[in-house]
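Asker: Encoded as structure tokens, here's the structure I'll be asking about.
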Amino acid sequence: MGGEEWETWVAGNRAMVLDVREPGEWEQGTLPGSTLISMSEIVERIEELPRQLPILCVCRSGARSSQVAAYLEASGFDNVANLAGGLKALGLQA
């Protein structure tokens, strides 16, 4: 998913926004209502993620979030999406 459609998708699905960047990057800004679990912590913290909710994975450019989205799908999460192009594609300083 790309561009501004993320807001519609999140609202329409009551989805969780999962920011997979590092804490220092997170402090520079993120999407409203997002939760930070860095890519480096996802394996240890996967049980914190709600399996019943859709999840939109985001990062700076879309690369890390794409990998996390694939990992979550392989781990049995049913409805996972990636923000293609990441926060940069939205024009955010990330």
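None of the figures in this text is laboratory data; all of them are computed from the coordinates on show. This one's a predicted model, so the numbers in the text were calculated from it and none came from an experiment. Heads up, the Cβs are rebuilt from the backbone with ideal geometry, glycines too, and the neighbour counts pull from every protein chain shown.
Asker: Whole-Hz ³J(HN,Hα) for each residue in segment 30-36, computed from phi via Karplus 6.51 cos²θ - 1.76 cosθ + 1.60 with θ = phi - 60°, x for glycine and proline: what do you get?
Answerer: Going residue by residue, I get 8, 7, x, x, 7, 10, 9 Hz, with x marking Gly and Pro.
Asker: Moving to a separate point now. Within the chain, report the trypsin sites (Lys or Arg not before Pro) that DSSP leaves as loop and that have at most 13 other Cβ atoms within 10 Å.
Answerer: Sites meeting the loop and neighbour criteria: Arg14, Arg51.
Asker: I would also like to ask the following. Sort Val80, Val43 by Cβ crowding within 10 Å, fewest neighbours at the top.
Answerer: Val43, Val80
Asker: Now a separate question. In terms of the Cα gyration tensor, with a ≥ b ≥ c the square roots of its eigenvalues, is the chain rounded because a/c is under 1.5, prolate because a/b exceeds b/c, or oblate?
Answerer: oblate
Asker: Filter the GluC sites (Glu not before Pro) in segment 1-93 down to the DSSP loop ones having no more than 16 other Cβ atoms within 10 Å, then list what survives.
Answerer: Taking segment 1-93 and a limit of 16 other Cβ atoms within 10 Å, the loop GluC sites (Glu not before Pro) found are Glu4, Glu27.
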